[in-house]
Amino acid sequence: MYNIKKYICGSPFETNAVAENIAVSDKLPCYINISENDRVITYAMGKEDKVYGLGEAVRGINKRGWIYETYCSDDPMHTETKRSLYGAHPFIIVDGEKLFGLFVDYPDKVTFDIGYSDIDTLTVTVKSADCCLYIIEGEALTDIVKGFRRLIGKSYVAPYWAFGFQQSRWSYYTSKDVQSVIDGYRTNGMPIDAVYLDIDYMDGFRDFTVSDERFPNFKEFVRSAKSQHIHLVPIIDAGVKCDDSYSVYTEGRDNGYFCKDKDGNDFIAAVWPGKVCFPDFLNAEAARWFGMKYKTLTDMGIDGFWNDMNEPAIFYSERQLDKAIGKIAAYRGKNLGVYDYFGLKDTVLGLSNSAGDYSSMYHNVNGEIVCHDRVHNLYGFNMTKAAADAFVEIAPDRNILLFSRASYIGMHRYSGIWTGDNQSWWSHIKLNLQMLPSLNMCGFLYTGADLSGFGDNATEELALRWLALGIFNPLMRNHSALGTKDQEYFRYKNKDIFGNLLKVRYALIPFLYSEYRRAIEDDDLMFRPLAFVYRGDKLAEACEDQLIVGDSVMIAPVYEPNALGRYVYLPENMMMVRFKSDREYECESMAKGHHFVEIPTCEAVIFIREGKALPIVKAAANTDEIDLNTISFITNNDGGEYVLITEADKRTIKYRSTGEVYV
């Protein structure tokens, strides 16, 4: 059971984050204090209080001890000192002397000081007193999650094929490059369902175009890929190239669909193509116009997209560039000391994503001119909503894969997200794990990190360890940056091991998809921290590197180099399963308590809870060929029933303790 109360401060901007209408209350709970003209919220935390949530954020599952900002930020260096990443998800759960959830519905920066300035005080600050506060109270952590998830609405349902393995890289320059990737996986017996097209598939980085030179007869190429059970997934960027010969630009310009500057002229900045304009996605007419442009690609057979650079990312604006050049010129001929040198360096670094640029953009929202500063976190949300709304009209009979980089609470109803431009760092394997439940709390269930890391160079060992976790990411995509070492799995020396671990994923797809759909239907978590399942067990509550998947499985990936294995805490008796491939695995009963488990890189190790079972099928080359008639169960009980959810329906499958299925 849960109870939700809504409080209004000032005159909030309508974000559309909330899907359920809640009556306004006139008095905050006595344990919440609000001061400084309704801008600062404080709560006195108990010594043992834990704080969960914030979706896409650094550090652990328990967020206590750091300061966070919910502000969509284009920053690929996801170190533990960062305060904001690509998504803005201002929802937390406080678990301790009081148990409650707090959602600060505010489209600009929200600062959560969770015991950073004062170890025992939670302080939440907004820039202006114009926000909606929602307090969710309940008896259990899952009550708070369910209450919040019902408040913000049902999560997006990705297509079944999008649970297959997907390969990406910036950049596959030609259709021949893409076909060679497909061939590399197929000839090595590795399952795969999708290959991505990064910015170089376009004609001069123009959205909704395809280079005839590099991708001739694109519609036929899409058809050919589908005949090989491969979906092609192109990128769409927020910036529209300024080019008088480009119809998307001229239409946007002539109809006033772009964001403006203070003088009412189109706001111009630079991204991949150089100078661009940004569609005004908060303008309903402009949003519909841009969304309908996806039809160019859906008509060619495309059924998946990833929206990028939609914080929005800005390399520079002419105004800021002129200022920077003037500052740099002043240093010419000087003997630069330490402060001059750092001033010079910061001048260049400050060109990207500057506050000055964001405060120079304006939106037309139902006839009201609104500075971008006030609504920054809604830009990516509304870009992605524009696409999702258009798909209802242009592809009514198709379930389109859609996910985004920037996001805000509420966007989960329209798409998934990936966690942005991470690095090939061991710490980012753990960060991938820890973001999963935090994102689930905020409604984002179709999510994942770039496996092996986007930036830097992935070693074979790191790629294998990350793959063992990636088996469980709903969005299972290997993605890497231009100039980094190739990291397609078939290129490694031990490619047979990579192939076997991919087969484990395909053996588990019916289970993973079922648990994903169940979490959507029940407004629940697909990934649970141990604290949510074993509340009162202090060791489980303190565990930050193990998760419960669905209701039956625990995962505990290795995330350190040169490791023989890792220590695992079992809060109950469990059955350990060592997968070497879809049909090659070993089971071992293990008692509650601490264990050191040896885990070679050729294995994916999971733990089945007491009284539970795990359904598996025979792996296939792609999701189209998964045969549910091959289903069996690995059991840690005496037999029972499992409700399997498919794209079309649900079916109840009965199984014996020996694992076989019976009717």
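The listed peptides 391-400, 566-575, ordered by packing as a protection proxy, come out as 566-575, 391-400 (highest mean of other Cβ atoms within 10 Å first). Near PRO12, once Lys and Arg are set to +1 and Asp and Glu to -1 for all other residues with Cβ below 9 Å from its Cβ, the sum equals -3. Our note on the geometry: Cα centres of region 1-61 and region 554-620, 38 Å apart. Roughly how many whole Å is it from the C-alpha centroid of region 405-470 to that of region 196-227? Using only Cα atoms to place each centre, the spacing works out to 26 Å. What the phi angles of region 531-537 give under the Karplus curve with 6.51, -1.76 and 1.60, with θ = phi - 60°, is a coupling list of 4, 7, 9, 10, 4, x, 8 Hz, glycine and proline written as x. Derived from the Cα gyration tensor, the three semi-axes of the equivalent ellipsoid of region 186-264 are 34, 13, 9 Å, largest first.
For region 66-170, what does the alpha-carbon gyration tensor say about shape, rounded, prolate or oblate, given a ≥ b ≥ c as the root eigenvalues, a/c under 1.5 as rounded, and a/b over b/c as prolate? Oblate shape, in that a/c is at least 1.5 and b/c is the bigger or equal ratio. Highest mean packing comes first when the peptides 475-483, 516-524, 592-600, 504-512 are listed by Cβ atoms within 10 Å, giving 504-512, 475-483, 516-524, 592-600.
Residues whose amide H comes within less than 5 Å of that of ALA269, counting only those at least five positions distant or on another chain, are VAL276 (H built at 1.01 Å from N in the peptide plane). Tell me, what is a quarter of the convex hull surface for the C-alpha atoms of region 586-630, in nm² with one decimal? Mean projected area of the Cα convex hull: 4.9 nm². Spread over its residues, the convex hull of the C-alpha atoms of region 405-545 is 120 Å³ per residue.
Amide H to amide H distances under 5 Å link ILE599 with GLY565, ARG566, where only residues 5 or more positions off or on other chains count and H is placed in the peptide plane.
The translational diffusion coefficient of region 502-551, from Stokes-Einstein at 10 °C and 1.306 mPa s with a Kirkwood hydrodynamic radius over alpha carbon pairs, comes to 133 µm²/s.
Mean projection of the Cα convex hull over all viewing directions, computed for region 308-405: 8.9 nm². Please report, ordered by residue number, every helix of the chain (full DSSP H runs) that is 30 Å or longer along its axis going by C-alpha atoms and whose mean Kyte-Doolittle hydropathy reaches 1.6. Qualifying helices, which must be both long enough and hydrophobic enough, do not occur. The equivalent ellipsoid that matches the C-alpha gyration tensor of region 274-354 spans semi-axes of 41, 13, 10 angstrom, in descending order.
Computed over the chain, the per-residue total of -39500 (n - 2.57) for DSSP H runs of n ≥ 4 gives a 222 nm mean residue ellipticity of -7500 deg cm²/dmol, rounded to 500.
Of CYS371, CYS131, the order by accessible heavy-atom surface (1.4 Å probe, DNA, RNA and ligands excluded), from most exposed downward, is CYS371, CYS131.
Using the average count of surrounding beta-carbon atoms within 10 Å as a protection proxy, the listed peptides 435-442, 530-537, 16-23, 176-183 rank, highest first, as 435-442, 530-537, 176-183, 16-23. Calculated accessible area for the chain comes out at 37 Å² per residue, all protein chains present (probe 1.4 Å; ligands, DNA, RNA ignored). The Cα atoms of region 448-512 define a convex hull whose projected area, averaged across directions, is 4.0 nm².
The P(r) of the chain has a tail past 41 Å containing 27 percent of all C-alpha pairs.
Alpha-carbon geometry of region 465-602: the Rg and the Dmax are 16.1, 49 Å, given in that order.
Among TYR585, TYR160, the sequence by solvent-accessible area, most first, with a 1.4 Å probe is TYR585, TYR160. When Rg and the Kirkwood radius Rh are both evaluated on Cα atoms of region 537-661, their ratio Rg/Rh stands at 0.99. Note on the chain: with neighbouring protein chains present and a 1.4 Å probe, carbon and sulfur make up 48 percent of its accessible heavy-atom surface. The fraction of all Cα pairs in region 238-394 landing in successive 10 Å bins from 0 to the largest distance is 10, 36, 30, 15, 7, 2, 0, given as whole percents.
The H on the amide N of LEU401, modeled in the peptide plane, is under 5 Å from the matching H of GLY304, PHE305, each at least 5 residues off or on a different chain. When the pairs LYS5/LYS385; LYS6/LYS63; LYS176/LYS580; LYS5/LYS98; LYS503/LYS654 are compared against a 21 Å limit on Cα-Cα distance, LYS5/LYS385; LYS6/LYS63; LYS176/LYS580; LYS503/LYS654 fall above it.
The values are calculated or read from the model by the stated rules, or taken from the named source; none is laboratory data. Predicted model only: the values in this text are computed from it and were never measured. Neighbour counts are summed over all protein chains in view; Cβ atoms, including those assigned to glycine, are modelled from backbone coordinates with ideal geometry. With ligands, DNA and RNA removed, areas are computed over all heavy atoms of the protein, side chains included. Shrake-Rupley method; radii C 1.70, N 1.55, O 1.52, S 1.80 Å.
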